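This report concerns only the one structure given below.
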Amino acid sequence: MTDTAVPPAFKADETYTPEGQYTFANSREGVRRLPFPFPDDEYMYSMNLEPHVPAGDGAMRAAFDIDEHYISECRHRVQMLEEMPGVHYVALPHMMEAQWDLLELLFESYARDYPEHFTLTKNGNEWHWQNRLLGIDDTFTFGDPSTLELEPMEYATRQAQGEFVVLEERDGDLVIGAGMTTQRADYSLRFNVGMRFFEFHGPVPKLHEMGILDRALKFLLRMKPGHPVRRVNWTLTVNPRLETSVETLPDWAPDRATVTDENAGDLVHLRIELQPLHRLPRSNAIVFPVRTYLVSLAELVEHAPDWAKRLHRALATLDPALVDYKGLTRYHAAAVSWLAQYDDGAPLAGGYPWADGGIQPGA
């Protein structure tokens with residue numbers, strides 16, 4: 001990554017750590033383009049899968065969304081990889097074909113959806129990749145890892161926002177075979193590599209009783225290349241920290257005790273996860289991206305007041321088992337109390353904001 005002229009729509013120098021004093025912030029436009037994950041006033045965990053097709057002008061417009069935080073998140077990824085080598089990126093040796101699959105999917109998608117920033121030129125297996133946002137201009141031979149300075153998956157995902165977990169299909173199941181995870185929320189990639197589908201989803205409350213896991217696995221195994229699906233998930237986090245993994249628990253867990261009814265608006269952030277799943281054509285693996293968005297409660301109130309009301313209602317009625325599972329126990333009540341002062345009780349539209357008639361951010 002080299003220095004290059006940064007377009008004004010991108011924030012290059014944001015930080016996501018206390019050492020950097022958390023300079024991350026969202027513009028009004030950045031908030032209002034979010035994939036807000038609450039279609040109703042009450043929330044219960046579901047797989048909520050739908051076709052991943054372009055929708056609206058926000059986060060659902062492209063196959064892989066980039067936004068104003070793209071440059072700063074890519075720089076944060078490099079920082080995390082250097083600080084904790086072998087923790088954030090893991091790929092089992094037999095996953096090389098899937099790595100090239102993922103590189104192709106990302107680069108073709110970026111070049112198609114953001115031609116002003118990315119260009120991919122192919123001459124047979126000789127590829128020329130230009131990423132003007134990060135100042136990258138490389139040529140390499142597709143399928144030959146010796147022509148890249150990094151493994152293909154690491155090379156590609158260092159230039160992408162979000163997490164990327166690659167699942168190989170094995171004996172009618174899905175198994176984690178590779179991952180780039182510098183934005184983990186309460187899990188460990190090194191621990192999860194090799195786990196089967198039920199194992200890494202097992203801790204979520206009531207999934208087994210509701211039969212959601214069985215249906216989701218059957219659905220995913222039927223996925224075909226070129227027909228991606230997506231879902232949204234969420235949690236809360238204290239401070240705009242992208243990396244809240246098991247390995248770094250001592251660094252971020254104490255922050256949860258600092259939240260009060262008065263400061264929750266600034267400290268508590270809604271953490272939205274957009275997950276567009278793709279079946280890869282050569283390897284038949286499934287890539288499970290987790291594109292993470294952070295927005296403070298105060299930013300929601302200021303820039304998306306109807307979303308703030310909906311969040312208040314969803315949190316106020318949240319199943320205690322989910323409060324515990326998502327690690328919100330220490331500050332859940334403070335977040336609800338702070339949001340309550342901005343909820344007038346007026347009826348809100350149902351449905352996701354990118355759907356026809358879905359809830360919009362408000363005035």
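The values are calculated or read from the model by the stated rules, or taken from the named source; none is laboratory data. As the structure is a prediction and not an experimental result, all values here were calculated from the model. All Cβ positions, glycine included, derive from the backbone under ideal geometry; neighbour counts span all protein chains shown. Accessible surface areas use protein heavy atoms only, side chains included; no ligands, DNA or RNA. Shrake-Rupley method; radii C 1.70, N 1.55, O 1.52, S 1.80 Å.
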Task: Integer Hz, Karplus 6.51/-1.76/1.60 couplings in order for the range 253-269, x for Gly and Pro - done: 4, x, 4, 5, 7, 8, 7, 10, 4, 8, 9, 4, x, 8, 7, 7, 10
Task: J(HN,Hα) series, the range 353-363, from Karplus relation 6.51 cos²θ - 1.76 cosθ + 1.60, nearest Hz, glycine and proline x - done: x, 7, 8, 4, x, x, 4, 9, x, x, 5
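At a threshold of 8 angstrom on Cα-Cα distance, excluding pairs fewer than six apart, so keeping six or more, what relative contact order does the chain reach in percent? It would help to have the intermediate numbers written out before the result.
Values: 648 pairs, mean separation 77.5, N = 363.
Answer for the chain is 21 percent.
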Task: the range 146-156 - phi-based ³J(HN,Hα) in whole Hz, Karplus 6.51/-1.76/1.60, Gly and Pro as x - done: 5, 8, 10, 7, 10, 4, x, 5, 5, 4, 6
- [ ] Starting from the Cα-Cα distance between residue 222 and residue 10, subtract it from 0.36 nm times their residue separation and give me the gain in nm to one decimal.
- [x] 72.5 nm
Open item on the list: Compute the helix-to-body angle for 70-83: its Cα long axis versus the longest principal axis of the chain, expressed 0 to 90° and rounded to tens.
Closed with: 80
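Quick check for you: with a 1.4 Å probe and neighbouring chains kept, what is the accessible area per residue of the chain, in Å²?
Numbers: 14970 Å² over 363 residues.
Here the residues of the chain average 41 Å² of exposed surface.
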Task: Label-point separation in nm, residue 53 to residue 260, each point 7 Å along Cα→Cβ - done: 5.1
Open item on the list: If you only keep lysine pairs separated by 8 or more in sequence, or across chains, how many in the range 18-341 come under 26 Å at the Cα atoms?
Closed with: 5
Task: Cα lying deepest toward the dipole's positive end in the range 18-341, options 253, 52, 148, charges on Cβ - done: 52
Task: Average Cα contact separation per residue, the range 1-106, under 8 Å, 6 or more apart, as relative contact order % - done: 28
TODO: Given the options 330, 279, 310, state which has the largest fluctuation in a GNM of the chain using a 10 Å cut-off (strictly under) for Cα springs.
DONE: 330
Task: 5 angstrom amide H check on residue 230, placed H, neighbours 5+ away - done: 50, 52, 277
Open item on the list: At 1.567 mPa s and 4 °C, plugging the Kirkwood radius over alpha-carbon pairs of the chain into Stokes-Einstein gives what diffusion coefficient in µm²/s?
Closed with: 61
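What is the extension gain from residue 171 to residue 147, computed as 0.36 nm multiplied by their sequence separation minus the C-alpha to C-alpha distance, in nm to one decimal?
5.3 nm
Taking all protein chains as present, what is the carbon and sulfur share of the accessible area of the chain, in % to the nearest whole number, probe 1.4 Å?
On the way: 7760 of 14970 Å².
Heavy-atom surface of the chain belonging to carbon and sulfur, 1.4 Å probe: 52 percent.
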- [ ] List every residue whose amide H lies under 5 Å from the amide H of residue 290, counting only residues 5 or more places away in sequence or on a different chain, with H placed 1.01 Å from N in the peptide plane.
- [x] 163, 164, 165
